[in-house]
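Engineer: Shown below is the structure under consideration.
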Amino acid sequence: MSDLFTLPVMLAGVIIVSLNAYVLLAGADFGGGVWDFFATGERRVRQRTLIADAIGPVWEANHVWLILVVVLLFTCFPGAFAAISVTLHIPLLVMLVGIVMRGAAFTFRTYDSQRDEVQRRWGRIFAIASLVTPIVLGVCVGAIAAGRVHGENAAGFASAGFLASYVTPWLTGFGFAIGVTTLALFAQLAAVYLTVEARDTDLQDDFRRRAHIAQGVALVAAGLALILARRDAPNISRGLLEGWHAVPLLLAVALSALWTALSLRQRTFHAARIGAAAQATAILWGWPLAQFPWLLPPDVSIADAAAPATTLRPVLITLGVGALLLLPSLAYLFRVFKSSTAVAKPS
Amino acid sequence: MSDLLAARSQMAMSLAFHIIFAVIGIAMPVLMVIAEWRWRRRGDAIYLELAKRWAKGTAILFAVGAVSGTVLSFELGLLWPRFMEYAGAIIGMPFSLEGFAFFTEAIFLGVYLYGWDRISPRAHLLAGVMVAVSGAASGIFVVTANAWMNSPTGFDLVDGRMVNIDPIRAMLNPGSFPQALHMTLAAYAATGLAVAGIHAFLLLRRPNHPFHRRALGIALMVGAPAAILMPVSGDISARYVARWQPAKLAAMESLFETTRGAPLVIGGIPDVASRTTRWSIEIPKALSLLAFHDANAEVKGLDQFAETDWPPVTIVHIAFQLMVGLGTLMAFVSLWAFWIRWRRRDLSKERALLRALVVVAPLGMVAIEAGWVVTEVGRQPWIVYGIVRTADAVTPMPGLVYPFALFTLLYLFLAGVVGWLLYRQIVHSPSPTELRVGTQPLRPPDSWLTTDEPITRGDRGGTSGQ
């Protein structure tokens, strides 16, 4: 286990922790867009307002976690970043369009005319972008996990042909199962968080029901991904089912999922929020644990891909110092907008 | 269109788009904070209205700036993977620091926009200050990464690979200070004068309107000093370019032959084939004087470099002339405004000055675009000056013209919408009822949030549910 505490592994760990924060925070913002899309019934306007109010003050800060992931990846593992950028050019491009349209449309809706048709038009773009982006994010992760992004590629690309180089690596059943899992997890997180933020039982019940549905979809999609992995990503399948971590990981997913479902049923929404976050976290960590010590399986390890220690050490120090600045600021943001006393303020 | 040209065009278009939002995101919070501070100090409700409108503008522009910045951070890899593979480890440091600055900016902007009625006045003002400071810091960090591409340091080159990497020294490369200073001042000058020009235009139509008078005062307070300092920082930048990127300087000045006591070439169109510049004005020895502070210093011409290593001379020369010309004009108009204030006259009654401010309003942004053309096109054919060629850095993926077309359309659409929203939200003059001046007593600040103005989510401050 001594190779766990090397600089490259620690920084890879920081990247996954940042991705984890992105999933739990920005993921829920995307999930909010999903529920904006599926807003139905007589309370649909109030559902949409609750979502917009929940996302408004925090989505930009939540989005920065992704920037941190990208920056740390190209700083600490530049070759792997280059390989990912080349092979996954097309899905990453789609994801970027989704990110741009989601953020822009949400902001435009807030500041454009409050007339219904204008609001609906921006809302539609915001919602569709929120649906597409998480799927594509999952597809990209799926391609890496399946070992379809190769390190040494400069020469191989010209000869292999366009489809083999730029399309087939990510176009797999496994990848799309991961994409749907990602989307459903984001939707589940959003629905559970919104049960906490809703101020009346009707809205709470709306999102409680949605949380149950999303959890069901997420677990089925994750199971499907596991089955498809035997065909499309045998290495990840072995890693998930055979390593030392297999049993604790599956237990963690099962228990947190059960905890979430039961808490929702009993209307203990704060407990459900913890459960949903734990469930998403356990599923996410399955990925790096299953492919450890590889960064781009099957042939580029974390150690191989790492930048020199003269880069990694100052970056790690910067992260430590930056965290001292960042974490209190984030705590302040969430205390102002997300603590129950702040939300309970009557108008 | 070749893939290399498509990649360069996409990068240029993405940067040209993002930089507008980035500079406004740096400077606008300063205007907003000054307006809020004056409202808190003087109790003049017009300043509150001003702070809120500028905050809304900042919110729209910051959001587009944040997402277009995200696009850029991915495009570094999508378009230039070999560059990132080569240089990621060495320029990652400023990007990591920028990540934290951007985080701080996003957090406190959320607090500022949605926290009007949730936190104490002092905390609210402080949140605005945090946005302004971290916005400037983000810009500075990113510019140091660009400066490294112009004057790469902090490594040893062994067999074409960078070894003994020192990211701190790379970040503190010789270009960092001149470029960061020039860009930060440019952000304040361009944004300040753009806002001043808008309100000058509205004052010409509605003289004495109290809202626009106050807006003009604050905008000039930020824009004018920066515009006046720009020539000084330009001089620092020019001397840096002369020393570290002689080929770029030669292209900027279309100096084809190495010359002692080189003249300053103003205007004109370079003709690369005949190695001359037509229709230009030459000031003897002025280039040597400006570049090295010595009238007889030798300035390297393009003849010192193989022609395959020349940047596109015509583009760089014209962009440089444009930047300097517009910057000079902005500095003169700013000095004029200072002189009026010095004489203790009312800026809003000087119609000639107001007209001049309207004319220069868009020029700062044009000058910034021209300046980046000088920096980026002037570095060609290198992506890392003297070390990595742009052509060697581009992605092997074919068909790059399609992503270029896609993002061009996307950004044109966004630009149109942002323009319309700003016009709708910020520009139109508030009516007397909106400002509550004269006829009605001023209401306490909280009830400002529930006036008959069109209510937006931003205004309601996310009062959660109903």
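Engineer: Under the condition of being more than 18 Å from B:Arg82 (Cα to Cα) and among the hydrophobic types (A, V, I, L, M, F, W, C), which residue from the stretch B:143-165 is surrounded by the fewest Cβ atoms within 10 Å (Cβ to Cβ)?
Structural biologist: B:Val143
Engineer: Given the structure, is B:Glu453 charged (D, E, K, R), at pLDDT below 60 and part of a helix (DSSP H, G or I)? Even if it seems obvious, please write down each step before you answer.
Structural biologist: Values: charged (D, E, K, R): yes; at pLDDT below 60: yes; part of a helix (DSSP H, G or I): no.
No, not satisfied.
Engineer: Shifting gears a bit: Does B:Leu185 count as among the hydrophobic types (A, V, I, L, M, F, W, C), under 11 Å from the mean Cα position of the chain (by Cα) and surrounded by fewer than 24 Cβ atoms within 10 Å (Cβ to Cβ)?
Structural biologist: Yes.
Engineer: Restricting attention to the stretch B:89-107, which residues are within 7 Å of chain A (Cβ to nearest Cβ) and under 24 Å from the mean Cα position of the chain (by Cα)?
Structural biologist: Residues satisfying the conditions are B:Gly92, B:Met93, B:Phe95, B:Ser96, B:Leu97, B:Gly99, B:Phe100, B:Phe102, B:Phe103, B:Thr104, B:Ala106, B:Ile107.
Engineer: Where residues in the stretch B:108-143 are among the polar types (S, T, N, Q) and within 20 Å of the chain's Cα centre (by Cα), which of them is nearest to B:Ile168 (Cα to Cα)?
Structural biologist: B:Ser138
Engineer: Sticking with this structure for a sec: Determine whether the stretch B:37-51 contains at least one residue that is over 25 Å from A:Leu96 (Cβ atoms), within 20 Å of the chain's Cα centre (by Cα) and touching a residue at least 24 places away in the same chain (Cβ under 8 Å). Full working, then the answer.
Structural biologist: Within the stretch B:37-51, the subset over 25 Å from A:Leu96 (Cβ atoms) is B:37-51.
With within 20 Å of the chain's Cα centre (by Cα) added as a condition, the list becomes none.
So far as the stretch B:37-51 goes, no, none of its residues is over 25 Å from A:Leu96 (Cβ atoms), within 20 Å of the chain's Cα centre (by Cα) and touching a residue at least 24 places away in the same chain (Cβ under 8 Å).
Engineer: Looking at the stretch A:97-115, which of its residues are more than 7 Å from every other protein chain (Cβ to nearest Cβ) and either surrounded by 24 or more Cβ atoms within 10 Å (Cβ to Cβ) or closer than 30 Å to A:Pro308 by Cβ (or both)?
Structural biologist: Scanning the stretch A:97-115 gives A:Arg102, A:Ala105, A:Phe106, A:Arg109.
Quick grid of which residues meet (1) among the hydrophobic types (A, V, I, L, M, F, W, C); (2) touching a residue at least 60 places away in the same chain (Cβ under 8 Å); (3) within 19 Å of A:Ala21 (Cβ to Cβ):
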position: A:Trp65; (1), (2), (3): yes, no, yes
position: A:Val69; (1), (2), (3): yes, no, yes
position: A:Pro78; (1), (2), (3): no, yes, no
position: A:Ile84; (1), (2), (3): yes, yes, no
position: A:Leu88; (1), (2), (3): yes, yes, no
position: A:Pro91; (1), (2), (3): no, yes, no
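Engineer: Right, here's the next one. How about the stretch B:166-182: which of its residues are over 12 Å from the mean Cα position of the chain (by Cα) and either surrounded by fewer than 20 Cβ atoms within 10 Å (Cβ to Cβ) or within 23 Å of B:Met330 (Cα to Cα) (or both)? Write out each step before concluding.
Structural biologist: Within the stretch B:166-182, the first condition is being over 12 Å from the mean Cα position of the chain (by Cα), and the residues that meet it are B:166-178.
Hits for the stretch B:166-182 are B:Asp166, B:Ile168, B:Arg169, B:Leu172, B:Pro174, B:Phe177, B:Pro178.
Engineer: Among the listed residues A:Val94, A:Val118, A:Val69, which satisfies the condition of being closer than 30 Å to B:Ile165 by Cβ, surrounded by fewer than 24 Cβ atoms within 10 Å (Cβ to Cβ) and more than 7 Å from chain B (Cβ to nearest Cβ)?
Structural biologist: Criteria check complete, one pass: A:Val69.
Engineer: Being charged (D, E, K, R) and either at positive phi or within 14 Å of chain A (Cβ to nearest Cβ) (or both) is the filter here, so list the residues in the stretch B:22-77 that pass it.
Structural biologist: Once the filter is applied, which keeps residues that are charged (D, E, K, R) and either at positive phi or within 14 Å of chain A (Cβ to nearest Cβ) (or both), the stretch B:22-77 yields B:Lys52, B:Arg53, B:Lys56, B:Glu75.
Engineer: Ok, one more. Could you list, in sequence order, the residues of the stretch B:43-87 that are surrounded by fewer than 24 Cβ atoms within 10 Å (Cβ to Cβ) and of a type in the set (S, T, N, Q)?
Structural biologist: Hits for the stretch B:43-87 are B:Thr70, B:Ser73.
Engineer: What about B:Val272, is it surrounded by 14 or more Cβ atoms within 10 Å (Cβ to Cβ) and at pLDDT below 90?
Structural biologist: It is true that B:Val272 is surrounded by 14 or more Cβ atoms within 10 Å (Cβ to Cβ) and at pLDDT below 90.
Engineer: Out of (1) exposed (fewer than 15 other Cβ atoms within 10 Å of the Cβ); (2) touching a Phe, Trp or Tyr at 6+ places or on another chain (Cβ under 9 Å), what's the single condition that is false for B:Arg343?
Structural biologist: Checking B:Arg343 against (1) exposed (fewer than 15 other Cβ atoms within 10 Å of the Cβ); (2) touching a Phe, Trp or Tyr at 6+ places or on another chain (Cβ under 9 Å), the one that fails is (2).
Engineer: B:Asn296 fails exactly one of the following numbered conditions: (1) at pLDDT below 95; (2) part of a helix (DSSP H, G or I). What is the number of that condition?
Structural biologist: With (1) at pLDDT below 95; (2) part of a helix (DSSP H, G or I) applied to B:Asn296, the lone miss is (2).
Engineer: Let me ask something additional. Considering the stretch A:203-218 alone, what residues qualify as being within 14 Å of another protein chain (Cβ to nearest Cβ) and not hydrophobic (A, V, I, L, M, F, W, C)?
Structural biologist: Of everything in the stretch A:203-218, those that are within 14 Å of another protein chain (Cβ to nearest Cβ) and not hydrophobic (A, V, I, L, M, F, W, C) turn out to be A:Gln204, A:Asp206.
Engineer: Using the structure shown, decide if A:Ile178 is under 19 Å from the mean Cα position of the chain (by Cα), assigned to a helix (DSSP H, G or I) and more than 14 Å from every other protein chain (Cβ to nearest Cβ).
Structural biologist: yes
Engineer: Those residues that are touching a residue at least 60 places away in the same chain (Cβ under 8 Å), assigned to a helix (DSSP H, G or I) and more than 9 Å from chain A (Cβ to nearest Cβ), I need them from the stretch B:113-129; list them, please. Working first, answer last.
Structural biologist: From the stretch B:113-129, those touching a residue at least 60 places away in the same chain (Cβ under 8 Å) are B:113-118, B:121, B:124-125, B:128-129; that's our starting set.
Those still in the list that are assigned to a helix (DSSP H, G or I) too: B:113-114, B:121, B:124-125, B:128-129.
Scanning the stretch B:113-129 gives B:Pro121, B:His124, B:Leu125, B:Gly128, B:Val129.
Engineer: Please report, ordered by residue number, the helices (runs of 4 or more DSSP H) entirely within the stretch A:56-157 with at least 1 residues that are within 21 Å of A:Ala214 (Cβ to Cβ) and at pLDDT below 95.
Structural biologist: A:59-76, A:89-111, A:116-145
Engineer: Kindly indicate whether any position in the stretch A:10-19 is within 17 Å of A:Leu295 (Cβ to Cβ) and within 10 Å of another protein chain (Cβ to nearest Cβ).
Structural biologist: Within the stretch A:10-19 (the criterion being within 17 Å of A:Leu295 (Cβ to Cβ) and within 10 Å of another protein chain (Cβ to nearest Cβ)), the answer is yes, since at least one residue qualifies.
Engineer: While we're looking at this one, here's another question. If you go through the stretch A:251-270 one residue at a time, do you hit one that is outside any helix (DSSP H, G or I) and within 27 Å of A:Pro293 (Cβ to Cβ)? Before the answer, list the steps.
Structural biologist: Filtering the stretch A:251-270 for residues outside any helix (DSSP H, G or I) gives A:266-268.
Okay, now just the ones that are also within 27 Å of A:Pro293 (Cβ to Cβ), so none.
Within the stretch A:251-270, none of the residues are outside any helix (DSSP H, G or I) and within 27 Å of A:Pro293 (Cβ to Cβ).
Engineer: Moving to a separate point now. Is it fair to say B:Leu400 is within 13 Å of chain A (Cβ to nearest Cβ) and exposed (fewer than 15 other Cβ atoms within 10 Å of the Cβ)?
Structural biologist: no
Engineer: Suppose we keep only residues that are polar (S, T, N, Q) and part of a strand (DSSP E or B) within the stretch B:267-293. Which one would you say is nearest to B:Asp235 (Cα to Cα)?
Structural biologist: Among those residues, the one meeting the criterion is B:Thr277.
Engineer: Right, another one. Tally time: how many residues in the stretch B:78-88 are facing chain A (nearest Cβ under 7 Å) and either among the small types (Gly, Ala, Ser) or in contact with a Leu (Cβ under 7 Å, 6 or more places away or on another chain) (or both)?
Structural biologist: The qualifying residues number 3.
The values are calculated or read from the model by the stated rules, or taken from the named source; none is laboratory data. The structure presented is a predicted model; accordingly, all values stated were derived computationally and were not measured. Cβ atoms come from the backbone with ideal geometry, glycine included; neighbour counts cover every protein chain shown.
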